[in-house]
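Undergrad: What follows is a single structure, and I will ask about it in a moment.
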Amino acid sequence: MAKKYNPKSGLITKGAIARQQIGIDDVAYRMLLERRYGVSSSKDLNIKQLHDLIHNVYIGEYGWEPKPSKNKKPTPTQKKGKGYQGEFVEINPKDPLAKQKRYALALAALLGWKLSGLDTRCKRQFGVEKFIWITKQSHMQTLIKDMQQRCAKRGIDYSPN
């Protein structure tokens, strides 16, 4: 049986890399987690807390900047900075909803939506902080169906061909 995609694992790995590059020792790290989140391991954090740890603590407080891998070219996001600058988002190919997410992003582009607006909609409608963190098929279907209806009303051809 294939391994199920877990969006937390990538954030945990990114946090571990950041911690190593900043030089936070294990004792200080455990104290930080206990003080800020009330847990002793990053595996006990939820996605929102992991995002907070990386962006607000490591990047915001410690000034960490992700260093590109030595054996891989930097991604467009790494070249341009964090977040959706340049309107680029990387969809993990192991994500079972990867095709639908790419299609939804294409529809959003046709409608002239910004990715930050798509994130806001996902947060309000589904309770998910970022569009790329959607894990439920029903949420993707709802989102895509609505965007298709909006395209149809505007006379935009939304067929994937």
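The values are calculated or read from the model by the stated rules, or taken from the named source; none is laboratory data. From a predicted model like this one, the values you see are computed outputs, not experimental measurements. Note that we place each Cβ from the backbone using ideal geometry, even for glycine, and neighbour counts take in every protein chain shown. The area values use the complete protein model at the heavy-atom level, side chains included, leaving out ligands, DNA and RNA. Shrake-Rupley method; radii C 1.70, N 1.55, O 1.52, S 1.80 Å.
Undergrad: Give the stretch 111-161 a look and list any residue that's in a loop (DSSP other than H, G, I, E, B) and under 19 Å from Glu90 (Cβ atoms), or say none. First the steps, then the outcome.
TA: At the first step, the residues of the stretch 111-161 found to be in a loop (DSSP other than H, G, I, E, B) are 112-114, 127-130, 134-136, 155-161.
If the condition is that a residue be in a loop (DSSP other than H, G, I, E, B) and under 19 Å from Glu90 (Cβ atoms), then Trp113, Lys114, Val128, Glu129, Lys130, Ile134, Thr135 are the ones that fit.
Undergrad: Let me ask you something else. Where in the stretch 1-82 are the helices (runs of 4 or more DSSP H), entirely inside, with at least 3 residues that are open to solvent by 90 Å² or more (accessible area, probe 1.4 Å) and at pLDDT 90 or above?
TA: Working: elements: 7-22, 26-37, 47-52, 76-80.
The qualifying helices (runs of 4 or more DSSP H) are 26-37.
Undergrad: Follow-up question, since we're still on this one. Do we have any residue at all in the stretch 135-149 that's open to solvent by 50 Å² or more (accessible area, probe 1.4 Å) and on the phi > 0 side of the Ramachandran plot?
TA: Within the stretch 135-149, not a single residue is open to solvent by 50 Å² or more (accessible area, probe 1.4 Å) and on the phi > 0 side of the Ramachandran plot.
Undergrad: In this structure, does Ala108 turn out to be open to solvent by less than 20 Å² (accessible area, probe 1.4 Å) and part of a helix (DSSP H, G or I)?
TA: Working: open to solvent by less than 20 Å² (accessible area, probe 1.4 Å): yes; part of a helix (DSSP H, G or I): yes.
The answer is yes for Ala108.
Undergrad: Six or more apart or on different chains, Cβ atoms under 7 Å: show the pairs whose first residue is in the stretch 123-144 and modelled with pLDDT under 90 and whose second is open to solvent by 60 Å² or more (accessible area, probe 1.4 Å).
TA: Listed pairs, sorted by first residue: Glu129/Lys48; Glu129/Lys123.
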